[in-house]
1. Averaged per residue, what accessible area in Å² does region 47-183 show with a 1.4 Å probe, protein chains only?
2. How far apart, in nm, are two points set 7 Å out from the Cα along the Cα-to-Cβ line at Arg60 and at Leu72?
3. Rounded, prolate or oblate: which one fits region 82-140, using the alpha carbon gyration tensor with axes a ≥ b ≥ c (rounded when a/c is under 1.5, else prolate when a/b beats b/c, else oblate)?
4. Once label points are set 7 Å from the Cα along Cα→Cβ at both Tyr32 and Thr12, what is their separation, rounded to one decimal in nm?
5. In whole Å, how far is the Cα centre of region 67-128 from that of region 139-157?
6. Distance cut-off 22 Å, Cα to Cα: go down the list Lys56/Lys128; Lys20/Lys164; Lys56/Lys159; Lys20/Lys142 and report the pairs above it.
7. How big is the shadow of the Cα convex hull of the chain, averaged over all directions, in nm²?
8. Quick one: grab the alpha carbon gyration tensor of region 118-183, order the square roots of its eigenvalues as a ≥ b ≥ c, and give me rounded if a/c is under 1.5, else prolate or oblate depending on whether a/b is larger than b/c.
Amino acid sequence: MPFEVPESWCWTTIEAICSKIGSGSTPRGSNYSPSGIPFFRSQNVYDDGLCFDDIKFISRDIHQSMIGTEVLPNDVLLNITGGSLGRCAVVPPIFNVGNVSQHVCILRPVLILPKYLHAFLLSGYFHKSMEVTGSGREGLPKYSIEKMLFPLPPIDEQKRIIDKIGNMMLAIDIFKSASEELE
């Protein structure tokens, strides 16, 4: 194991804590619509959330033909190619439905809180452990994600970790704001 974890934790794989791991596809001929089902590309996925600027849409018919790339509330989206490799976001619980391009991987967590998975994907451990392939446009293959070792704490500990991260981010924002005022 990469490092020791507390006795109440266990080592598992990302595959074991997700009911879905898979990337999307691009509609044939870029069949975008002026409205309809949101279609997320890598430029819509940021560590602090989904960006709806420059969002594309697909029709309900195209969505049905691409049902394997369907995004649901609480999914975690991970950019798996190019310069934004490793950026990730949690789909809000109030979100309805969408789809993703082939540059974005859907992780559908079970047995784990989506925000804890998100925190893990942002960790230095995850970024050091990524087995990236390709030379021109780097990519993170599905099998590398599935087999990656994952330190799994009990749910209560996941909640405490998420709360602690939230408090630390708030403190950082306050410090940053105060620093900008001083300048």
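1. On the way: 7630 Å² over 137 residues.
Using a 1.4 Å probe on heavy atoms only, each residue of region 47-183 averages 56 Å².
2. Distance between the two pseudo-spin positions: 2.0 nm.
3. Working: a/c = 2.60, a/b = 1.38, b/c = 1.88.
Oblate is the answer for region 82-140, as a/c is 1.5 or above yet b/c matches or exceeds a/b.
4. With each label placed 7 Å out from Cα toward Cβ, I get 3.8 nm.
5. 12 Å
6. The answer is Lys56/Lys128; Lys20/Lys164; Lys56/Lys159.
7. Numbers: hull surface 52.0 nm².
That works out to 13.0 nm², a quarter of the Cα hull's surface.
8. On the way: a/c = 4.85, a/b = 1.49, b/c = 3.25.
Oblate, since a/c reaches 1.5 and b/c is not below a/b.
The values are calculated or read from the model by the stated rules, or taken from the named source; none is laboratory data. Owing to the predicted nature of the structure, the values given are computational and were not obtained by experimental measurement. When we count neighbours, we look across all protein chains shown, and the Cβ atoms used for this are built from the backbone with ideal geometry, even at glycine. Quick note on the areas: whole protein, heavy atoms, side chains included, nothing else; ligands and nucleic acids left out. Shrake-Rupley method; radii C 1.70, N 1.55, O 1.52, S 1.80 Å.
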